[in-house]
Amino acid sequence: GLWAVRTKFKCQEIANTEWNQRVTLKPITGGSTENDEFFHTTPSGLIELTIKNPDVKFEVGKNYYVDFTSAE
C-alpha cells in the first residue's frame, strides 16, 4: 500500500563545484520538542545529494523536512 514518512534533517556540508552543488544532510538531534520527536524516530542516517539546479539553495546549519512517499 501507499505510505508516507516525514523526517527532519540538518544541512551539514555544502561543496560547490563549477557544475553542481553537493549537499550532505544528517538527522536533527534536538533543540526543540519537535526536533526531539523527529530524533526519536530517525536517530541516525545520511543523505547526500548532487544538485545541478542553480535555483536550489541549501544553507549549512538549516533544518529541512524530508518526505518519503512510496512510489507505487
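The values are calculated or read from the model by the stated rules, or taken from the named source; none is laboratory data. Here the structure is a predicted model, which means the values were calculated and not measured. Here the Cβ is made from the backbone with ideal geometry for all residues, glycine too, and neighbour counts use every protein chain on show. Accessible surface areas use protein heavy atoms only, side chains included; no ligands, DNA or RNA. Shrake-Rupley method; radii C 1.70, N 1.55, O 1.52, S 1.80 Å.
Does PHE9 satisfy the criteria of being within 11 Å of the chain's Cα centre (by Cα), in a loop (DSSP other than H, G, I, E, B) and at pLDDT 90 or above?
no
Looking at GLU48, GLU37, which is the one that is at pLDDT 95 or above and either open to solvent by 80 Å² or more (accessible area, probe 1.4 Å) or assigned to a helix (DSSP H, G or I) (or both)? Steps first, please.
On the way: GLU37 fails: at pLDDT 95 or above.
Testing whether each residue is at pLDDT 95 or above and either open to solvent by 80 Å² or more (accessible area, probe 1.4 Å) or assigned to a helix (DSSP H, G or I) (or both) leaves just GLU48.
Within the range 1-32, take every residue that is aromatic (Phe, Trp, Tyr) and open to solvent by 80 Å² or more (accessible area, probe 1.4 Å) and give me the one that is farthest from THR69 (Cα to Cα).
TRP19
Against the condition modelled with pLDDT under 95, at negative phi, touching a strand residue (DSSP E or B) at 6+ places or on another chain (Cβ under 6 Å) and in a strand (DSSP E or B), how does VAL23 come out, does it pass?
Judged against the criteria, VAL23 is not a match.
Quick check on the range 55-70: of everything there that is in a loop (DSSP other than H, G, I, E, B) and open to solvent by less than 90 Å² (accessible area, probe 1.4 Å), which residue is farthest from ALA4 (Cα to Cα)?
Among them, the one singled out is GLY61.
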